[in-house]
Every structure is written in C-alpha cells, then in structure tokens.
Amino acid sequence: MPLRALFYRRPSEPQTFEVEFDQASFAVRVRRHRQARRYTLRIQAATREVILTMPPRGSLREAKEFAQKHGGWIAARMHRLPQAVPFADGTIVPLRGVEHRIAHRSGVRGTVWTETPSHGMPLLCVAGDAPHIERRVGDYLRREAARDLDAASRRAADELGVAIRRISVRDQSSRWGSCSTTGVLSYSWRLILAPPFVLNYLAVHEVAHLLEMNHSARFWRLVKRVCADSDRAKTWLDVHGSDLHRYGLPVEAC
C-alpha cells in the first residue's frame, strides 16, 4: 500500500461523533496522527474538548468503540472541569485579578467601562443591546490586555536592552506567551484576568527569550533580575492558570 494512502482521510469520514454516558452526551473530536500506535483520549481543558487520537490505519468504528468504552472516564473528567462563565449580565469575571460583576446598561451611550460603587463589588458596565454583551466584553478585555502587555513588554525590553518587532494578543490555549527569533511576541489575552504581577512576569519571560531562546540557568537569571515576583507569579499560574480559560466560553459550554 502506498505510504500516502495510510494518511488519507476519506472526505466522508466524520470529524466528530457523540459518546453517551449516564444520560449525558459528549462530542468527541477525532484526529489521526502518523506516529500514533494506539487509540488515546484526552480532555483539552481550555476548550473543553474531548479529543481522540487514532493511528493512521485505525478505523472510525474502533475509535467509537474505544471512546464509548471509556465513557465513564470522559464524563468524570468533564464534570471536574471548572464551570464555564459566559460574558453575560450579572456574571462575575476578574479584571487584573479583581472580581467585577458584568452590569448591562441598556439605553446608555458607550461601550464598556468600569465603575467602583461606594458599596459592593466593582462593576464592568456594558452599554447597548443584550445580544452584544458577550462580544463587547470580549473586545474590551482584549484591548485592555493588548495595552497592558505592550507597556509591560516594552518596560522589560528597555531593562534588558533588546528590541521588540511586534506584539500580538490572541486566545492561546496551550501557552500563555511565545517569542519568535524575529522579535515577535504573542500573548494570551486572558492574562488581563490575572493580577498585574502575573502579566508582568509573562512579559518579562517572553522578552528575555529575545536574548536566550531556551530555559537555561542564564535565562532564569535574566528573568529574576528584571522581575522579582517571578517565583510568586509561576506559583499563581500553576494554581489558578487553568481557571482563566473558563471565562467567556459560550453558553452551550456551561
């Protein structure tokens, strides 16, 4: 059999299928991997996806049987994920580590702004029609993240004597930041949800990679020289980092 035939996916082959367990249904996304030797399952916490990896010569029938056999494992892992928090009126989201309640202000001009009442929790106010709350809050948090990360990265660059080519903010699920050899830095917008010392640490971390594209002892000395809170920030991310991915998930993920 030609090698290319081993990795050919028939156009009719589904990308996902459903697994039923204890009156609950879970969507399973299928991916073939040329180095896979067996069927494996994992839960991607950031996107709340169930992913089944199968060998190149595996069959969809066997994949479904494997997933159904492990339906209890899938259900248990999914139920242990933190509850999703969509951006909606009345929900609570952290902004720079401080909890804010989303408050819909229909009939008021503007987009999104913060208010600090004399009593009670700070507010993240959203103007306009209710169907636009989710998008407006998401756009606001991305803008705030871009502003804070740009400022923190440029402070770190000045401290370390390096030049930044470009900074981008995305919704990265596998890492908080990255640095290319060409001087391009990329961050997760979700860092705006964390306390400022965490965001600042990630900025220093990625800028330091412009000098050391590794995690050597020299790299960590550079980070600690500029960021005294690096150990504290790493501990915070280890404990609370995965929780940041639940904010802004759509209602159907709840």
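The values are calculated or read from the model by the stated rules, or taken from the named source; none is laboratory data. Since the model is a prediction, treat every value here as computed from it, not as a measurement. Virtual Cβ from ideal backbone geometry, glycine too; neighbours counted across all protein chains shown. Please note that ligands, DNA and RNA were not included when accessible areas were found on the heavy atoms of the full protein model with its side chains. Shrake-Rupley method; radii C 1.70, N 1.55, O 1.52, S 1.80 Å.
Is there any pair with a first residue in the range 238-249 that is outside any helix (DSSP H, G or I) and a second that is open to solvent by 20 Å² or more (accessible area, probe 1.4 Å) and among the hydroxyl-bearing types (S, T, Y) whose Cβ atoms are under 9 Å apart and which are 6 or more apart or on different chains, and what are they?
Y247/T91; L249/T47
Which of the residues that make up the range 21-76 are under 23 Å from S242 (Cα atoms), open to solvent by less than 80 Å² (accessible area, probe 1.4 Å) and among the aromatic types (F, W, Y)?
F26
Can you list residue pairs whose Cβ atoms sit under 6 Å apart, with the first residue in the range 94-121 being among the basic types (K, R) and the second being outside any loop (DSSP other than H, G, I, E, B)? Count only pairs 6 or more apart in sequence or on different chains.
The qualifying pairs are R96/P196; R101/I92; R101/L123; R105/C125; R105/A127.
Which of the residues that make up the range 193-218 are in contact with a strand residue (DSSP E or B) (Cβ under 8 Å, 6 or more places away or on another chain), touching a residue at least 60 places away in the same chain (Cβ under 8 Å) and in a helix (DSSP H, G or I)?
Once the filter is applied, which keeps residues that are in contact with a strand residue (DSSP E or B) (Cβ under 8 Å, 6 or more places away or on another chain), touching a residue at least 60 places away in the same chain (Cβ under 8 Å) and in a helix (DSSP H, G or I), the range 193-218 yields only L193.
Across the range 173-187, what is the number of residues that are hydroxyl-bearing (S, T, Y) and either touching a residue at least 60 places away in the same chain (Cβ under 8 Å) or in contact with a Leu (Cβ under 8 Å, 6 or more places away or on another chain) (or both)?
Matching residues across the range 173-187 total 4.
L52 fails exactly one of the following numbered conditions: (1) touching a helix residue (DSSP H, G or I) at 6+ places or on another chain (Cβ under 6 Å); (2) assigned to a loop (DSSP other than H, G, I, E, B). What is the number of that condition?
It fails just one condition, (2).
Select from the range 221-235 the residues that are out of contact with any helix residue (DSSP H, G or I) (no Cβ under 6 Å at 6 or more places or on another chain) and either in a loop (DSSP other than H, G, I, E, B) or within 10 Å of A156 (Cα to Cα) (or both) and list them in ascending order.
Correct list: A228 only.
Counting only residues that are open to solvent by less than 60 Å² (accessible area, probe 1.4 Å), within 18 Å of R80 (Cβ to Cβ) and at pLDDT 90 or above, how many does the range 220-244 have?
The total comes to 2.
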